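Where a number appears in this text, it was derived from the coordinates with a stated rule and is not lab data. Source: prediction; values computed, not measured. In this analysis, Cβ positions are derived from the backbone assuming ideal geometry, glycine residues included, and neighbour counts consider all displayed protein chains.
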C-alpha cells in the first residue's frame, strides 16, 4: 500500500474516526442539520419580514385628501414645504384628473361604476412616504387640523403590526436558535468525547512515540469540519427546495412582495453562513474536548 | 547521561511514597536492571524519564535538560530520543505488525521513503521479517513484545526503557527478549529494564543492577 504524506495521513485518521463510529457521525450530522436548518429558517424569516416591512414602508403611507376649495397651487405649496423635512422620503401629488385616471384603471371592467365619475367628484391628494414609520402619526396629525384637508388615511395599524411581528420573529428566532445551538453543542461534545475514548489506545501510542499534540488533534478537527460541510449542505439544499413554498405562502398574504429573486445565490450564501459559524463552534468544541483529554 | 537527583514522589495527599529520595547516575551505553517487587516504584521512575509523570520533588537530568522542567511542547521530541516498551505491549490490534511500527513514524511526520526503509529493517532486526502482514492477535506474546520493541526503536532512540517487558512471557520468550535488549545495547543504545524477576539478571552479563524497595534505591 502506498504510504500517505502528512496531510493525507491526518485525513486517513479522520476517515477512520468517522467510519469506526458511523452511527455517531450520522447523529452529529442530523443534529447539526436541524440546527443549521433552524438558523437558515430564522435568517430567511428575518430577511422576508424585513423585505415586507421595507415594502410597506416604501408605499405611500399617508394619503391626504383635499377639499374641493383647495387649489392645486396651494397643494403644491404644501408639497414643497413637506419635501423640506428630512424624515419625508417621498411626496406625490395626485390631481383630480389623475385621480379619475387611477379610478378608471382600477375599475376598467365595471363600466357602470365609471359612468358618472368626473374630476369634480374625486378629491386631489398628496401621497406621503416617511423614512421611519415612527414619524407616521406626527405627519397624519399635522394634516388632520389643516383647513384644506378633507380626510387623512394612513396605514398606521398595518405598519405597526408588521414592526411588532418583525421584532417578535427576531426575538423568538434568536431564543430558539440559542437553545438549538446549545443542545447541538452539548450533543457534539458528548459524541466527540466518546470518539476520543474510542481512540484512546491510538492516542496513547501516538503520545508515547512522540507525536505532537497537533497531530493528535487535527483528525478530530477535520471530523468537525466534515460534519459541518455535510450538515450545511443538507440544510441549504432543503432550504433551496423550501423557498418556492415559502414564496407561495407569502404571495397569498403579500402578493406584491418578491421575497427570493435569486434563491440559488441565497442558498449559497446561507450555506457559507451556517458552515462558517457552525464549523467554528464545532471545531471549538472538539478543541476543548481533545485538549481536556490530552491534559489528563 | 541520565541523573536522578533526590527524586521523591508522594501520592494520595502524602500517604503513599512511591519513590523516596532517589539519586542515581546512568552513563551512556549502560545496560541497567531496575529490580524490585511489584509496587516498589520501578514504573514510576521510568515514567518520569519520558515525562509521563512528574516527581513531587527533585530533578531528573537527561543530558543537559531537566526533564521535570521541560515545556510541554518539547515532550514529543524527548519521547523520540527515549523509546519505551511495556508489559502489555500497547499494540494496535486492528493494525498489522508493519502498520504498528509504521504508525510510530507516520505520526511523527516521517516521509514514505524513510518508512519503507526503516520498518522492514527493524522488523528483520527483531526477527519478525516474515510476520509483517500478521495482526497482533496472530502472534505469540514474545512476538508481540518484539513488535513493541521494533516500534520503540523507529526513532533510533539513545535510551530504551523496558517496563517489565517479560512480565507476560514464558521463560523461553523472556530469555529471548532479554537477549534482544542486550543486542540493542550492543548497538550503542542505553537500556534500562525494570523487572521483578531477579532470575533474568543472571542471563545478562555485564549489567548494572539497581534495586528499588519501598521507594528507596540501592546499588547491587
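Things to note:
- Chain A, relative contact order [Cα under 8 Å, separation at least 6], %: 29
- Listed from fewest to most Cβ neighbours within 10 Å, the set A:18, B:10 follows the order B:10, A:18.
- Chain B, relative contact order in percent, only Cα pairs under 8 angstrom and at least six apart counted: 30
- The simple Förster model, with R0 at 41 Å and r as the Cβ-Cβ distance, assigns residue A:145 and residue A:50 a FRET efficiency of 0.75.
- In chain A, the longest principal axis of the Cα atoms and the axis of helix A:96-106 are about 50 degrees apart.
- Contour minus Cα-Cα distance for residue B:92 and residue B:113 (0.36 nm per residue): 5.3 nm
- One chain, two ends: residue A:170 and residue A:85. Fully extended at 0.36 nm per residue, the span grows by 27.5 nm beyond their Cα-Cα distance.
- Cα centroid separation - the stretch A:51-130 against the stretch B:66-134, whole Å: 86
- Compared with the dominant principal axis of the Cα atoms in chain A, helix A:6-20 is inclined by about 80°.
- Here A:135, A:143 are placed in order of increasing Cβ neighbour count within 10 Å, fewest first, which gives A:135, A:143.
- Calculated FRET efficiency, residue B:198 to residue A:288, Cβ-Cβ distance, R0 = 41 Å: about 0.30 to the nearest 0.05.
- For the protein assembly as shown, adding -39500 (n - 2.57) for each run of n ≥ 4 DSSP H residues and dividing by the number of residues yields -18500 deg cm²/dmol at 222 nm.
- Inter-label distance for residue B:54 and residue B:124, nm, one decimal - labels placed 7 Å from Cα along Cα-to-Cβ: 4.4
- Reciprocal mean inverse distance between Cα atoms of the protein assembly as shown - Kirkwood radius, Å: 29.8
- With a Förster radius of 56 Å applied to the beta-carbon distance between residue A:67 and residue A:280, the computed FRET efficiency rounds to 0.35.
- Crossing angle, helix A:263-295 versus chain A [Cα axis fit, 0-90 degrees, rounded to tens]: 40
- Computed from label points 7 Å out along Cα-Cβ, the spacing between residue B:219 and residue A:179 is 7.3 nm.
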